[in-house]
1. Could you name every one of the helices (runs of 4 or more DSSP H) located completely within segment 128-196 that has at least 2 residues being open to solvent by less than 20 Å² (accessible area, probe 1.4 Å)?
2. Output the residues belonging to segment 371-386 that are under 31 Å from the mean Cα position of the chain (by Cα), over 13 Å from Met556 (Cα atoms) and open to solvent by 50 Å² or more (accessible area, probe 1.4 Å).
3. Could you grab me the full set of residues in segment 538-577 that are within 21 Å of Ala102 (Cβ to Cβ), at pLDDT 75 or above and open to solvent by 20 Å² or more (accessible area, probe 1.4 Å)?
4. Kindly evaluate Leu470 against the criterion of being surrounded by 17 or more Cβ atoms within 10 Å (Cβ to Cβ), without any contact (Cβ under 8 Å) to a residue 60 or more places away in the chain and under 33 Å from the mean Cα position of the chain (by Cα).
5. Going by what's in this entry, would Thr67 be described as of a type in the set (S, T, N, Q) and over 27 Å from the mean Cα position of the chain (by Cα)?
6. Return a yes/no flag: does segment 579-586 have any residue that is in contact with a strand residue (DSSP E or B) (Cβ under 8 Å, 6 or more places away or on another chain) and touching a residue at least 24 places away in the same chain (Cβ under 8 Å).
7. Name the residues in segment 426-462 that are charged (D, E, K, R) and open to solvent by less than 30 Å² (accessible area, probe 1.4 Å), would you?
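The values are calculated or read from the model by the stated rules, or taken from the named source; none is laboratory data. The structure displayed is predicted, hence computed values, not measured ones. Glycine also receives a Cβ, built like all others from the backbone with ideal geometry; neighbour counts cover every protein chain displayed. Ligands, DNA and RNA are excluded from the accessible area calculation, which covers all protein heavy atoms including side chains. Shrake-Rupley method; radii C 1.70, N 1.55, O 1.52, S 1.80 Å.
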Amino acid sequence: MTLPAPTETPEWLARLNEPQREAVLTTEGPVLMLAGAGTGKTAALTHRLAHLIRERLAWPSEILCVTFTNKAAREMRHRVGDLIGDAVEGMPWLGTFHSICAKMLRRHAELVGLQSNYTIIDTDDQLRLLKTMIREANLDEKRWPPRQLAGLIDSWKNRGLLPGDLTAVDNEAYANGKGQQMYAAYQERLKALNACDFGDLLLHMLTILKTDREVLQQYQRRFKYVMVDEYQDTNAVQYLWLRLLAQERKNICVVGDDDQSIYSWRGAEVANILRFEKDFPGAKVVRLEQNYRSTPQILAAASGLIAGNSQRLGKTLWTELPSGQKLRVVGVWDAPEEARRVGEEIERLEREGAPLEQVAILVRAQYQTREFEDRFIQIGLNYRIIGGFRFYERAEIRDSLAYLRVIAQPADDLAFERIYNQPKRGLGAKALENMYRHARAQGLPLAAAALELADSDELPARARNTIGALMSDFLRWREASDSLSPAELMRLVLEESGYDAMLKADRSAESAGRADNLVELARAMEDYETLGDFLEHVSLVMDNEAASDEEKVTIMTMHAAKGLEFDNVFLPGWEEGVFPSQRSLDEGGLASLEEERRLAYVAITRARRRCTILHAANRRIYGQWTSSIPSRFIEELPEDHVEAETTLSGGKSLWQANWSEQEDPFAHVARDRPERSGSRGPGWQRALATGYETKPARVKESTRSAASFAAKPRTDIAIGARVFHEKFGYGEVMAQEGNKLEIAFEKSGTKKVIDSFVTAAN
């Protein structure tokens, strides 16, 4: 790595406007870069990063630069590389919150009870684990579903709360006062699995920084500069983590827009950016207000709308672009007509030479897309839906990754449970129940319990042989992982496990596509040297980067469109109850109304040249026709920048007719919601301990006997004792070896069983 020699004024710095240059050159002390939509905040941020390195104010490894998405991190690295060359390759701390914390946690995992080769579980595994725990706690799964508990735990972690930090209100939020108990049990179970979820990556590092001053000072000394993109989207735990790291030097530069904070549903707190000057006294605020994206008409309409919010720092966007067209507001009779009108407009734009890639339909809710899909299929208009199943979420991909996770981390019970009978091996629910029972009794991972059961008579001979063969396969695959690349290993596993044969035997239309997906998975793995690296990549990167040579109209939600821009944008469904969302208003009151208004601002400012808003007088929502009035946001648009289409007699548009002399039906939004309650039940009493020393993705040893799991024999059963077994009945203990017993049963003959499956009999 080489650092370029500094010069007086580099050419790339001269290309920035005055506020951008000010943000770049203000290197010491706290800086808030308040960047409006389309004002070149990424350029300012990357130039500031390049300036710090180029002027030798810090080595690349001394700069912490945090983004929210891997895509943003890649783009930033690429742009900085264009400015200063290969020096950017020495930036190990440029990435997302989760990827950076994962890297830190690998170094300090033991401080929170984990090993360095911990597994990062995804949402699917989390829900299966919570489902098991809810059953064990004798709770009604229908009344207290796993998804609800997962959402609560995620929200607590986003707020930086450990189980002991929960308030009485938090505790009552699940199962009438069992929230804290279930949260604590869940955290203990994760430690037993040597695993953590996404929320833990930040929460564990925050805990370490708060409790270990030496580690905190180590990182405070390391990072001379801290830079944060999209600061308005930070949640409490991210905010606390950043504040700790930056408190010593206070050289922190955050970039964001309070008018684009639209993710409160995943924990983002707009208050973080609003109080930045209070957190860092003397902070310099630089406003980026020159917009390079949209026409003056679009900017004026968006600015007039967002002015209705009270919780904002305030800025005035302007542009040197030509005036352009006013926003169009079109009223239609119903959703099918809305789809027809949009389809006709897009076909007209296409005839005029507008590329379909520059056309977007942004909806508030997913259900709104169906009408457009049906219509576009009818007229042969190519489109793409952004936000469907992503590659790593498909069943066959999850199955393959589960095999690899067990190879890399034998204590990963969630992965083992997914594939112990996939493809079908004749191991049903009873076999799984026995494995779990023994695992809990002995404090073993599920795979270790399976290995012990294969050497006993607890299961039928066929099941024992099947489990024994599967465990032998895993031991062999772990040995092979030393000499094979991740892609080669996966191909071997899919062939030897019978998964490939299962797909070939499947004659359904989907089978070929599933096989192609696995081929693509192997291709993706070829870029990674170790299995551990690839599995961490999968856990942290879920971007949908499917490419297509054919131009298509983009259909997506407003939330998903943040950060994107299109020449032509259509915004359907601007009716009360749809947008703003009635559910959001009911749950969050006036705070949610302001966020919905910010979402409207984001949607409008995605448009570069033309923006069309549509509202329907009638809409079918979840199968029911509903009469609607236009969204309040339409009335809030400044009239000088809006062109409302006349569709009724008397020269009035649907917009004007519906709002005329009507009282706002949503003026009094409930601010306080009653707490939910439910039945009580016994909670989880203890978490499993692995009792099993795991190994990294590349392993040295190739075999591991059942005895090495160190299961402890019972002391209350001796040779000659009379015992009872649920399957074999009464019998007498004839011999004992560790936790294995040889018992002469009265009706079943002599059997080898594990002591946890018997009870002493009188």
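1. Numbers: elements: 146-158, 168-172, 179-192.
Output list reads 146-158, 179-192.
2. If the condition is that a residue be under 31 Å from the mean Cα position of the chain (by Cα), over 13 Å from Met556 (Cα atoms) and open to solvent by 50 Å² or more (accessible area, probe 1.4 Å), then Asp374, Asn382 are the ones that fit.
3. Ser539
4. Values: surrounded by 17 or more Cβ atoms within 10 Å (Cβ to Cβ): yes; without any contact (Cβ under 8 Å) to a residue 60 or more places away in the chain: yes; under 33 Å from the mean Cα position of the chain (by Cα): yes.
Here the answer is yes, as Leu470 does meet what is asked.
5. Details: of a type in the set (S, T, N, Q): yes; over 27 Å from the mean Cα position of the chain (by Cα): no.
No.
6. Within segment 579-586, the first condition is being in contact with a strand residue (DSSP E or B) (Cβ under 8 Å, 6 or more places away or on another chain), and the residues that meet it are none.
Within segment 579-586, not a single residue is in contact with a strand residue (DSSP E or B) (Cβ under 8 Å, 6 or more places away or on another chain) and touching a residue at least 24 places away in the same chain (Cβ under 8 Å).
7. As a first pass, look at segment 426-462 and keep what is charged (D, E, K, R): 430, 433, 437, 440, 452, 455, 457-458, 462.
Correct list: Glu452, Glu458.
Results for (1) out of contact with any Pro (no Cβ under 7 Å at 6 or more places or on another chain); (2) aromatic (Phe, Trp, Tyr); (3) at pLDDT 80 or above; (4) surrounded by fewer than 18 Cβ atoms within 10 Å (Cβ to Cβ), shown as yes or no for each residue.
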site	(1), (2), (3), (4)
Ser581	yes, no, yes, no
Gly588	yes, no, yes, no
Tyr622	yes, yes, no, yes
Thr646	yes, no, no, yes
